[in-house]
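What follows is a single structure, written as structure tokens, with notes after it.
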Amino acid sequence: MTKILFTGAAGQLGIEIINKLREIHGTDSVIATDIRDAEGDLKNGPFEKLDVLDEASMREMVEKYEITQIYHLAALLSAKAEKNIELARKLNVGSLHNVLNIAKDYKLDRVFWPSSIAVFGPDAKTDGTPQNSQCNPTTVYGINKLTGEQYCAYYSRTLGVDVRSVRYPGLIGYKTLPGGGTTDYAVDIYHKAVKGESFECFLDKDSRLPMMYMDDAVKATIDLMNADSSKLSVRTSYNVAAISFTPEEIANSIRKFIPDFKITYKPDYRQDIANSWPDRIDDSAARNDWGWQHDFDLDAMTKDMLENIGKYWK
Ligand code: AKB
């Protein structure tokens, strides 16, 4: 019987994936955890406070609930990591070590861990970055994720841990507020539009980045975890792509629904982070190995976001 320990449950992806896992495996089969208290939908199932830097506590929880899979989402995103190098190293790499060692020792069925487009640096091909691109990240977060990918490949290849990963682009959803990511302008902009406010963007109007609607991110995660292990040719982390847009383009998409929406641009330190990342990435390996296919384009995402933000945050 599948029993899942989910870390970082209160983060951007957390409740989105947890709701799907509860639907698939049953509410009591998913133990949501976070260092923060449970809020909202998280209270609709088992929840425990957990500091992922505390390996002993994580081991106790794995034994208490007879865990068979770990989804390890706890992390410090790019903008916050740039301001706190040591915590980023501990949380983004150290806690992954804890999870991989636990998976090895308890012979867990499988582990999911998120990487990011942040592993690519300014010397990677920017339009259609290939799966096996050179990775020379210039951000703390990117270095953390690249290191984590290599440990995932090692534990898979050498120690028999079935750990799986995708390189998420910028993720946009309506159930959580922006959480310290460079791509999070693309979440905040919808909240401002729904409130009838103008939006000041911390990136310039032409900053093109790979992005994905949350429903597609959940789909990619579940599809990869359900894939036949023998079909997986990538054990660092799969490129997954959906849409790619600039702040000007997302503003124009919003204006199709809110014609008088206004945006201004005031780039800050996050512009350097964005400039180091590609415009679009190539995800043919994911499409070939496990049938990845996104559903939402920019206007479909805009429609869904504007329809749901007001209802969800009323
Ligand atoms: C961030 O902006 O830090 C994240 C990411 C691209 O991994 N959303």
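The values are calculated or read from the model by the stated rules, or taken from the named source; none is laboratory data. Bear in mind that the values here come from a model prediction, so they are computed numbers and not experimental data. Cβ: placed from backbone, ideal geometry, glycine included. Neighbour counts: every protein chain shown. Heavy atoms of the whole protein, side chains included, go into the accessibility calculation; ligands, DNA and RNA do not. Shrake-Rupley method; radii C 1.70, N 1.55, O 1.52, S 1.80 Å.
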Out of ILE102, ILE172, sole residue that is of a type in the set (Val, Ile, Thr), away from the ligand (no atom under 16 Å from the Cβ) and out of contact with any Asp or Glu (no Cβ under 6 Å at 6 or more places or on another chain): ILE102
When residues of the stretch 168-195 are limited to those that are open to solvent by 10 Å² or more (accessible area, probe 1.4 Å) and of a type in the set (S, T, N, Q), the one farthest from GLU149 (Cα to Cα): THR176
Segments classed as strands (runs of 3 or more DSSP E), wholly inside the stretch 16-107, with at least 1 members that are loosely packed, with under 15 Cβ neighbours inside 10 Å and outside the structural domain of ILE273 (by TED's automatic domain parsing): 47-49
Among the candidates GLY196, GLY180, residue that is at positive phi and either more than 14 Å from the chain's Cα centre (by Cα) or among the basic types (Lys, Arg) (or both): GLY196
Single residue of the stretch 112-165 satisfying the filter (within 11 Å of the ligand (Cβ to nearest atom) and among the aliphatic types (A, V, I, L, M)) that is surrounded by the fewest Cβ atoms within 10 Å (Cβ to Cβ): VAL140
Condition broken by MET212, with the remaining ones in (1) of a type in the set (A, V, I, L, M); (2) open to solvent by 10 Å² or more (accessible area, probe 1.4 Å); (3) in contact with a Leu (Cβ under 9 Å, 6 or more places away or on another chain) satisfied: (2)
Some residue of the stretch 264-285 being outside the structural domain of VAL161 (by TED's automatic domain parsing), open to solvent by 30 Å² or more (accessible area, probe 1.4 Å) and more than 25 Å from PRO122 (Cα to Cα): yes
Any hit, the stretch 234-246, residues being in contact with a Pro (Cβ under 6 Å, 6 or more places away or on another chain), surrounded by fewer than 17 Cβ atoms within 10 Å (Cβ to Cβ) and closer than 30 Å to ASP260 by Cα: no
